[in-house]
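Just below is one structure, and these are the notes that go with it.
The values are calculated or read from the model by the stated rules, or taken from the named source; none is laboratory data. Just so we're clear, the structure is a prediction, and the values are computed from it rather than from any experiment. Here Cβ is always computed from backbone atoms with ideal geometry, including for glycine, and neighbour counts include all displayed protein chains. For accessibility, only protein heavy atoms count, side chains too; no ligands or nucleic acids. Shrake-Rupley method; radii C 1.70, N 1.55, O 1.52, S 1.80 Å.
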Amino acid sequence: MLWHPAYVGLGSNLDEPAVQVRRAFAALAQIPETRLVRASSLYGSRPMGPVPQPDFINAAAGLLTRLEVGDFFCAFVRTRTAAGADAAARALGPRRIDLDLLVFAQLRIDTPALQLPHPGIVERNFVLYPLAEVAPELPVPGCGRIAELLARVNPEGLWRLESDTAHP
């Protein structure tokens, strides 16, 4: 069986966000036939949108999995739900944990349930900075390499939590 790379964005701004992100890293490592091979540092970020809310803690995870994309996504959704993600949470609103599948292998998928690569990846500094720690040379299908995308975004409203890294 082949190993497929998968990259996940993590974020939280409720209920001790750094703790929530660390727990989500551990939960991702428990997906069957999957290994967490790289975890970024934690980053603080200002929330997007008009909803008043606390700052976020964001990170990225690099995984290798033997599961095919459909099976991985089903396991990922179960993991996301078990970690406390609320599917009914208001877009751009506060959340205990948010996990987004950003890239899976070099697949391009556009269905109501799954879009790969994740449509917000190219413009969100809170996704690109942590992901650049995990896989700077990662080619994002149809978008370019992470290092190239990172050079196009402004770091405004984002800060690395120097003393709080989450490497496994």
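Might you check whether a residue that is without any contact (Cβ under 8 Å) to a residue 24 or more places away in the chain and over 22 Å from VAL19 (Cα atoms) occurs anywhere in segment 99-106? No.
Do we have LEU64 as at pLDDT 95 or above, aliphatic (A, V, I, L, M) and over 17 Å from PRO5 (Cβ atoms) here?
Values: at pLDDT 95 or above: yes; aliphatic (A, V, I, L, M): yes; over 17 Å from PRO5 (Cβ atoms): no.
The answer is no for LEU64.
Residues of segment 18-48 that are of a type outside the set (A, V, I, L, M, F, W, C), over 14 Å from the mean Cα position of the chain (by Cα), open to solvent by 30 Å² or more (accessible area, probe 1.4 Å) and farther than 15 Å from LEU158 by Cα: GLN30, PRO32, GLU33, ARG35. The set of residues in segment 110-147 that are charged (D, E, K, R), surrounded by 15 or more Cβ atoms within 10 Å (Cβ to Cβ) and more than 26 Å from VAL19 (Cα to Cα) contains only ARG145. Just to be sure, is PRO94 of a type outside the set (A, V, I, L, M), surrounded by fewer than 15 Cβ atoms within 10 Å (Cβ to Cβ) and over 25 Å from GLN30 (Cα atoms)? Answer is no for this residue. One residue stands out in segment 49-66 among those that are surrounded by 19 or more Cβ atoms within 10 Å (Cβ to Cβ) and among the β-branched types (Val, Ile, Thr): the one that is farthest from ASP86 (Cα to Cα), namely THR65. When TRP159 is tested against (1) outside any strand (DSSP E or B); (2) out of contact with any Cys (no Cβ under 6 Å at 6 or more places or on another chain), just one condition goes unmet, and that condition is (1).
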